[in-house]
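Asks: Sharing a structure below in structure tokens format, with a few things to ask.
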Amino acid sequence: MILAFAFLAVFAETVFSAPRNLLGAQIDLLPGLMVFAALNSDLVTVSLLAVLGGLGYDSLSANPLGVSILPLMLVGFAIHLRHDLILRGLPFAQFVLGAAASALVPVLVVVLLLNGGKQPLLGWGSLWQWIVMTAGGAAATPVMFAFFAWCDRTLGYQPRSETSFRPDREIQRGRNKE
């Protein structure tokens, strides 16, 4: 389900241009999705999301193919290493982790582009785009957590808890006086 959502998120980012035209920057949903995957799944899913999501994102953007894989994997791996210590159920923690991931991934992509000899367009407008991407990713992360929780409740198997206690049975205590 995570990989299907990554495909749909990359597709939606390219098709729906209203947020990009309104805000002057495109909101990236992959870092927030990476936060969810790192906190709720195994390392194989995190790796697949980094590779397939990064390749999908790069194939539909002006980035060289594969440049987004390493930043997504670094963010996902760092969060997955400490996923047992993070309060994943709190929306504030989800918001902060989404903001950190959404801020770090574009910076790492720019660093990789500069180290690769590319000349990305950087200026004061880039700072505005980075702020919009960070705020948008931070706001989208708790929404993704809520969406996947709803999907889990709706589509997932919910075990029924059965106890041996019957409320209509009376338990006699003490010595038996006959």
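Asks: Is it possible to state the helix-based mean residue ellipticity at 222 nm for the chain, with each DSSP H run of 4+ residues giving -39500 (n - 2.57), the sum divided by total residues, to the nearest 500 deg cm²/dmol? What is it?
Replies: About -20500 deg cm²/dmol.
Asks: Could you put Tyr57, Tyr157 in order of accessible surface area, largest first, with the 1.4 Å probe and the full protein assembly present?
Replies: Ranking Tyr57, Tyr157 by accessible area, largest first, yields Tyr157, Tyr57.
Asks: Additional query: Hey, any idea what % of the chain's accessible area is carbon plus sulfur with a 1.4 Å probe?
Replies: Carbon-and-sulfur percentage of accessible area, whole number: 66.
Asks: Points 7 angstrom from Cα along the Cβ direction at Leu48 and Met1: gap in nanometres?
Replies: 1.4
Asks: Just need the Rg to Rh number for the stretch 1-51, please, alpha carbons only, Kirkwood Rh.
Replies: That ratio equals 1.05.
Asks: Restricting things to alpha carbons, find the Rg to Rh ratio for the stretch 17-148 using the Kirkwood radius for Rh. Let's see the in-between values first.
Replies: Details: Rg = 14.3 Å, Rh = 14.9 Å.
Over the Cα atoms of the stretch 17-148, Rg/Rh equals 0.96.
Asks: R0 = 30 Å: FRET efficiency of Leu74 with Leu155, Cβ-based, nearest 0.05?
Replies: So the FRET efficiency works out to roughly 0.45.
Asks: Helix 124-155: angle to the longest alpha-carbon principal axis of the chain, degrees 0 to 90, nearest 10?
Replies: Roughly 30 degrees, rounded to the nearest 10.
Asks: Per residue, what accessible area does the chain have, given a 1.4 Å probe and all protein chains present, in Å²?
Replies: Accessible area per residue: 65 Å².
Asks: Ok, one more. Which one, Thr141, Thr14, Thr45, has the greatest fluctuation when you compute a Gaussian network model over the chain with C-alpha springs under 10 angstrom?
Replies: Highest fluctuation of the listed residues: Thr14.
Asks: Quick one: among Arg82, Arg20, Arg160, which has the greatest mean-square fluctuation in a GNM of the chain with alpha-carbon springs under 10 angstrom?
Replies: Comparing Arg82, Arg20, Arg160 in a Gaussian network model of the chain, the most mobile one is Arg160.
Asks: Can you pull the accessible area of Ile2 for me, 1.4 Å probe, Å² to the nearest 10?
Replies: Answer for Ile2: close to 20 Å² accessible.
Asks: Oh, and also: Please build a GNM for the chain, connecting alpha carbons under 10 Å apart, and tell me which residue among Gln129, Gln26, Gln119 fluctuates the most.
Replies: Gln119
Asks: Please give the length that would be gained between Phe92 and Ala62 if that part of the chain were fully extended, namely 0.36 nm times their separation in residues minus their C-alpha to C-alpha distance (nm, one decimal).
Replies: Length gained between Phe92 and Ala62: 7.5 nm.
Asks: Using amide H atoms built in the peptide plane, which far-off residues or other-chain residues are under 5 Å from Asn63 H to H?
Replies: Long-range HN contacts for Asn63: none found.
The values are calculated or read from the model by the stated rules, or taken from the named source; none is laboratory data. If you're wondering where the values come from, they're calculated on a predicted model, not measured in any experiment. Every residue, glycine among them, receives a Cβ derived from its backbone with ideal geometry; neighbour counts consider all protein chains shown. Ligands, DNA and RNA are excluded from the accessible area calculation, which covers all protein heavy atoms including side chains. Shrake-Rupley method; radii C 1.70, N 1.55, O 1.52, S 1.80 Å.
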